[in-house]
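See below for the structure under consideration.
The values are calculated or read from the model by the stated rules, or taken from the named source; none is laboratory data. Small disclaimer: the values here were computed from a predicted structure and weren't measured. Note that we place each Cβ from the backbone using ideal geometry, even for glycine, and neighbour counts take in every protein chain shown.
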Amino acid sequence: MSSNISFYESVQRNFEKAAQYSGLPSGLLEQIKVCNAVYQMRFPVRIGEEFEVIEAYRVQHSHHRLPTKGGIRYDLGVNQDEVMALAALMTYKCAIVDVPFGGAKGGIRINPKKYTEKQLENITRRYTAELIRKNFIGPGIDVPAPDYGTGSKEMAWIVDTYASMKHGDIDAAACVTGKPVTQNGITGREEATGRGVFYGLRELLSIEDDMKKVGLTTGMAGKKIIVQGLGNVGSYSAKICQEEGNATIICIAEWDGAVYNADGLDIAALIKHRNATGSIKNFPGATNIADSKEAIEMECDVLIPAALENQITAENAPRIKAKIIAEAANGPVAFEAEEILLKKGIIILPDMYLNAGGVTVSYFEWLKNLSHMRFGRMEKRFDHNTYQNLVSLVERMTGKTIGESEKNFLTKGADEIDLVRSGLEETMVNSFHQIREVYLSRPEINDYRTAAFLCALNKISSDYLSLGIFP
Ligand code: NAD
């Protein structure tokens with residue numbers, strides 16, 4: 001889908017829409033809005049017998065807090081405009097979920113499927129070396145993470161390159177997040193964005209007033225959901241909404257087609273089928289839909305776009321039938337489409353809040369790396385012993401015996417995964433209500449995106465104002 005305005009322009013227009021309600025001086029708004037540093041690079045990498053010149057970017061949108069933070073994307077659609085838009089969204093996202101970083105983003109303009117693993121490693125290592133040369137990476141400078149087309153494998157190559165070039169840096173592991181758990185990563189990072197989508201959507205679905213507006217009952221159970229993109233974010237969003245929210249995932253759309261079942265698709269089985277056959281198509285019990293663009297226009301309660309930006313434009317917005325759009329991807333709704341959707345009464349949960357689970361758990365990973373210790377290591381046994389003493393006391397006082405499985409449940413000390421999920425849930429629930437408070441207190445605002453922007457603007461501007469740079 002193409003939009004008449006660029007992705008970056010779309011983000012800027014959304015910013016301006018919110019900025020008019022902020023009451024902040026124009027100079028300060030301009031400083032918050034612009035990208036602070038843009039590094040565009042070209043470097044050669046040997047591919048087979050040839051040298052290929054690779055085009056890549058790293059954009060640091062805001063230095064109001066350091067380090068800056070944001071994922072790295074591998075895709076043929078990568079360009080400076082896109083990376084700037086994604087970096088800007090990261091600044092607002094971090095502010096919304098109280099993650100103390102400025103926003104950044106990186107991208108390499110390649111089709112990763114075209115290269116062997118060794119070639120991808122060479123490209124990733126060379127990109128990291130370029131970032132080191134220009135001081136664009138480091139635990140206190142700029143900390144990348146996975147995004148579209150990258151995962152823990154690429155992050156492992158990045159940290160290894162950084163550590164070998166910065167020999168002796170005791171905090172080297174904190175130069176990138178989303179690493180494999182065995183290489184200083186954190187349990188729960190891979191699922192974090194999708195899990196955050198689940199917590200955020202669950203929160204919206206619990207609000208009676210909002211559900212009345214769109215003609216739905218409260219709660220996630222039984223809600224009919226369509227997910228676009230079965231990658232990292234889409235697969236965990238779908239799986240967790242199904243397994244923990246009892247939602248009915250009626251359709252999954254991928255780049256090469258979609259599958260549909262009105263009674264719900266078994267997402268774990270569909271992922272296995274895709275891994276075995278290379279495609280989601282021909283999944284037993286489901287109907288194939290040849291044109292995946294049509295799939296997102298079908299009747300449903302919630303549409304979760306989890307692929308790329310500009311999927312809903314002014315062209316297809318009139319045909320969207322979902323009652324709620326939960327933006328798991330960055331920028332799936334183009335600026336011109338938003339007005340059309342809002343007029344239709346559709347509620348949009350904005351990207352910069354809803355997919356912030358990834359950066360939230362990345363923040364936990366960064367803290368873990370800087371503390372050089374896994375979460376839960378100090379207190380797990382202590383908590384377990386304390387709870388056991390309490391349970392024994394209750395048994396002695398009541399003369400009753402508590403069953404073994406109940407006892408295990410009551411006396412369990414928290415593991416790292418329990419703490420990560422609890423911290424993520426707390427963050428997503430809290431931030432939703434912060435945004436909703438702004439939404440309710442400003443009658444002139446009729447959408448969650450503008451409210452979320454305003455929340456972010458209030459927090460970022462107070463950082464600048466406390467520095468005394470702006471009067
Ligand atoms: P990914 O590469 O793991 O998965 C993307 C999936 O979308 C792939 O399966 C791809 O085949 C599919 N896809 C591509 N074009 C499509 C189309 N036209 N229709 C349907 N499916 C299509 O990427 P990801 O990490 O899951 O990222 C997805 C989105 O979420 C991006 O916008 C990204 O910026 C955003 N995001 C990712 C993270 C993260 O932690 N990975 C965090 C925040 C936001």
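For this structure, a couple of remarks:
- For Glu154, the stated conditions hold: it is touching a residue at least 12 places away in the same chain (Cβ under 8 Å) and either within 13 Å of the ligand (Cβ to nearest atom) or hydroxyl-bearing (Ser, Thr, Tyr) (or both).
- Filtered residues of segment 57-94 (kept if free of Cβ contacts under 8 Å to residues at least 40 places away in the same chain and among the hydroxyl-bearing types (Ser, Thr, Tyr)): none
- Filter pass, Thr401 being of a type in the set (Ser, Thr, Tyr) and away from the ligand (no atom under 16 Å from the Cβ): yes
- A Cβ distance below 6 Å, combined with a sequence gap of six or more or placement on separate chains, defines the contacts here; from segment 253-271, residues that are assigned by TED's automatic domain parsing to the domain that holds Asn288 and at positive phi reach residues that are assigned to a strand (DSSP E or B) and buried (at least 16 other Cβ atoms within 10 Å of the Cβ) in the pairs Gly264/Thr248; Gly264/Ile249.
- Some residue of segment 70-77 being over 17 Å from Pro144 (Cβ atoms) and surrounded by fewer than 24 Cβ atoms within 10 Å (Cβ to Cβ): yes
- Ala414 within 16 Å of the ligand (Cβ to nearest atom) and of a type in the set (A, V, I, L, M): no
- Residue count for segment 118-148, restricted to those that are part of a loop (DSSP other than H, G, I, E, B), touching a residue at least 40 places away in the same chain (Cβ under 8 Å) and surrounded by fewer than 19 Cβ atoms within 10 Å (Cβ to Cβ): 3
- Test: residue in segment 234-241 that is within 10 Å of the ligand (Cβ to nearest atom), in the same structural domain as Asn330 (by TED's automatic domain parsing) and out of contact with any strand residue (DSSP E or B) (no Cβ under 7 Å at 6 or more places or on another chain): yes
- Reported count of residues in segment 249-282, each being assigned to a loop (DSSP other than H, G, I, E, B), of a type in the set (D, E, K, R) and closer than 23 Å to Glu309 by Cβ, is 1.
- Selection status of Ser279, among the small types (Gly, Ala, Ser), within 12 Å of the ligand (Cβ to nearest atom) and modelled with pLDDT under 95: no
- Checked against (1) under 26 Å from His273 (Cα atoms); (2) away from the ligand (no atom under 16 Å from the Cβ), Lys212 meets all criteria but (1).
- Qualifying residue in segment 49-66 (condition: within 15 Å of the chain's Cα centre (by Cα) and either within 14 Å of the ligand (Cβ to nearest atom) or hydrophobic (A, V, I, L, M, F, W, C) (or both)): no
- Residue within segment 385-394 that is closer than 30 Å to Ala452 by Cβ and either in contact (Cβ under 8 Å) with a residue 12 or more places away in the chain or buried (at least 23 other Cβ atoms within 10 Å of the Cβ) (or both) present: no
- Test: residue in segment 39-57 that is in contact with an Asp or Glu (Cβ under 8 Å, 6 or more places away or on another chain) and closer than 20 Å to Leu354 by Cβ: no
- Residue tally, condition surrounded by fewer than 22 Cβ atoms within 10 Å (Cβ to Cβ) and either in contact (Cβ under 8 Å) with a residue 24 or more places away in the chain or within 18 Å of Glu9 (Cα to Cα) (or both), over segment 324-345: 7
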